[in-house]
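Below is one structure, written out as structure tokens; the observations come after it.
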Amino acid sequence: MLDVTTMRASLHDAYDLAPSIDLAESMSDIYARMDRVVPPSDWAIHAPYVAAINALKQERSAVILGHNYMTPEIYHGVADVVGDSLQLAIEATRVQGDVIVQCGVHFMAETSKILNPSKTVLIPDMQAGCSLAESITAEGVAEMRAKYPGAPVVSYVNTTAEVKAASDICCTSANALAIVEAQDSDMVIMTPDKYLAQNVANQSSKTVVYWDGSCIVHELYTAEDLRAYREYHPDVAIIAHPECTPEVVAEADYTGSTRGIVDWVHKHHPKEAMLVTECSMASNIADELPEVEFAKPCNMCPYMKKITLEKILWSLHTMSEEVIVAPQVAEKARSAVQRMIDLSR
Ligand code: 13P
Ligand code: SF4
């Protein structure tokens with residue numbers, strides 16, 4: 001477990017991390033990507049960390065893969081590649097440097113390690129988990145196979161390497177329907193997200209049976225709340241992630257992965273948009289879309305928010321915490337992830 005006091009003291013010994021208006025102004029090109037959502041006083045605090053991380057990245061030959069739920073100073077300040085789970089998995093296979101720093105949650109770091117095992121994969125906080133990944137084990141997958149003999153198992157990438165290894169193929173929110181449809185069976189088992197499974201089932205010709213997991217962030221949204229908001233904001237575009245309940249998805253103008261959501265807003269330029277997903281999504285695209293008013297209701301992912309600039313700097317400074325996947329597990333998990341990538345191309 002990270003000792004924050006020791007980390008902070010060591011970092012301040014090694015780097016000049018005092019807030020600096022001069023440094024902040026000299027990095028105004030980076031700040032311009034987030035000045036609608038990050039106040040100048042906060043940027044003066046972030047800038048020394050951003051500068052130190054970007055210098056250390058070069059020294060360590062490191063690449064930062066950042067999920068769309070990272071805060072704007074990470075997303076715009078230090079990430080080399082940003083995207084949804086599918087994009088980050090594909091990008092992980094292309095990394096040429098020695099080190100991958102995964103700014104996202106643990107299953108994403110494991111996926112990078114599985115796909116590019118010769119790289120050192122670091123995660124700035126090992127406690128960055130996911131309620132979905134924690135909801136099922138490989139034994140759970142075996143239970144489902146015993147209950148529905150012969151049905152292929154499609155596991156969401158939001159799972160541990162062991163669960164991926166026990167599955168036939170993986171999927172992400174970007175390709176779940178296509179992956180299910182591609183299975184050579186009338187019945188398909190989906191784990192672990194019951195809402196993603198129900199949303200897929202509503203569009204699929206297959207019988208979809210599923211595990212009882214859910215995302216603690218997306219399950220908080222209710223269709224009643226969305227209807228109530230729309231009553232007073234009739235022009236709002238409601239854009240949801242498929243980890244939301246089917247009732248919420250039924251209220252949405254569009255449902256898609258985090259990348260799908262970003263692309264939809266760029267394409268349609270609604271006057272007002274409510275992104276029914278994690279809070280940082282709207283913040284990260286606010287400067288690119290000044291004409292769009294983003295409705296404020298949003299929920300924070302406590303796991304994603306464990307990743308901070310300070311911990312990223314510590315991670316690169318100490319080359320910790322390294323994500324390791326046992327080779328025999330990695331090999332089987334790789335087949336399940338690679339099958340998904342091949343089908344998605
Ligand atoms: P995406 O693949 O859509 O980015 O989703 C990942 C996730 O954890 C959403 O909660
Ligand atoms: Fe997991 Fe939900 Fe957080 Fe995504 S938002 S990482 S699914 S807990």
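The values are calculated or read from the model by the stated rules, or taken from the named source; none is laboratory data. The structure displayed is predicted, hence computed values, not measured ones. Using ideal geometry, Cβ is built from the backbone for each residue, glycine included, and neighbour counts are taken over all protein chains shown. Ligands, DNA and RNA are stripped out before the accessible areas are found, and what is left, the full protein with its side chains, is counted by its heavy atoms. Shrake-Rupley method; radii C 1.70, N 1.55, O 1.52, S 1.80 Å.
The residues of region 14-35 that are touching a residue at least 40 places away in the same chain (Cβ under 8 Å) and more than 30 Å from the chain's Cα centre (by Cα) amount to a single one, 14. Within region 128-149, is even one residue in the same structural domain as residue 313 (by TED's automatic domain parsing) and more than 16 Å from ligand 2 (Cβ to nearest atom)? No, there is no match, as no residue in region 128-149 is in the same structural domain as residue 313 (by TED's automatic domain parsing) and more than 16 Å from ligand 2 (Cβ to nearest atom). How many of the residues making up region 204-231 are open to solvent by less than 50 Å² (accessible area, probe 1.4 Å), away from ligand 2 (no atom under 16 Å from the Cβ) and of a type in the set (S, T, N, Q)? Number of matching residues: 2. On the given criteria, is residue 304 surrounded by fewer than 18 Cβ atoms within 10 Å (Cβ to Cβ) and within 16 Å of ligand 1 (Cβ to nearest atom)? Considered against the rule, which asks whether it is surrounded by fewer than 18 Cβ atoms within 10 Å (Cβ to Cβ) and within 16 Å of ligand 1 (Cβ to nearest atom), residue 304 comes out as no. Scanning region 120-145 for residues that are in a strand (DSSP E or B) and of a type in the set (Asp, Glu) returns no hits. Looking across region 232-256, the residues that are outside any loop (DSSP other than H, G, I, E, B) and either in contact with a Cys (Cβ under 6 Å, 6 or more places away or on another chain) or open to solvent by less than 30 Å² (accessible area, probe 1.4 Å) (or both) come down to 237, 238, 239, 240, 246, 248.
Quick one: in region 307-331, which of the residues that are part of a loop (DSSP other than H, G, I, E, B) and open to solvent by less than 40 Å² (accessible area, probe 1.4 Å) is nearest to residue 18 (Cα to Cα)? Applying the filter and picking the extreme gives 307. Residues that are on the phi > 0 side of the Ramachandran plot and either crowded, with 23+ Cβ neighbours inside 10 Å or away from ligand 1 (no atom under 14 Å from the Cβ) (or both) do not occur anywhere in region 131-149. Evaluation of residue 184 against the conditions (1) within 16 Å of ligand 1 (Cβ to nearest atom); (2) open to solvent by 40 Å² or more (accessible area, probe 1.4 Å) shows that the sole unmet condition is (1). Inside region 179-195, residues that are closer than 14 Å to residue 152 by Cβ and either assigned to a helix (DSSP H, G or I) or among the polar types (S, T, N, Q) (or both) make up a count of 6.
Can you report the number of residues in region 157-181 which are away from ligand 1 (no atom under 15 Å from the Cβ) and in contact (Cβ under 8 Å) with a residue 40 or more places away in the chain? Residues meeting the conditions: 7. Listed conditions (1) in a loop (DSSP other than H, G, I, E, B); (2) within 16 Å of ligand 2 (Cβ to nearest atom); (3) of a type outside the set (Ser, Thr, Tyr) are all met by residue 77, apart from (2).
Pairs meeting the criteria (first residue in region 73-84 and outside the structural domain of residue 61 (by TED's automatic domain parsing), second residue within 15 Å of ligand 2 (Cβ to nearest atom), beta carbons under 8 Å, at least 6 apart or on different chains) are lacking.
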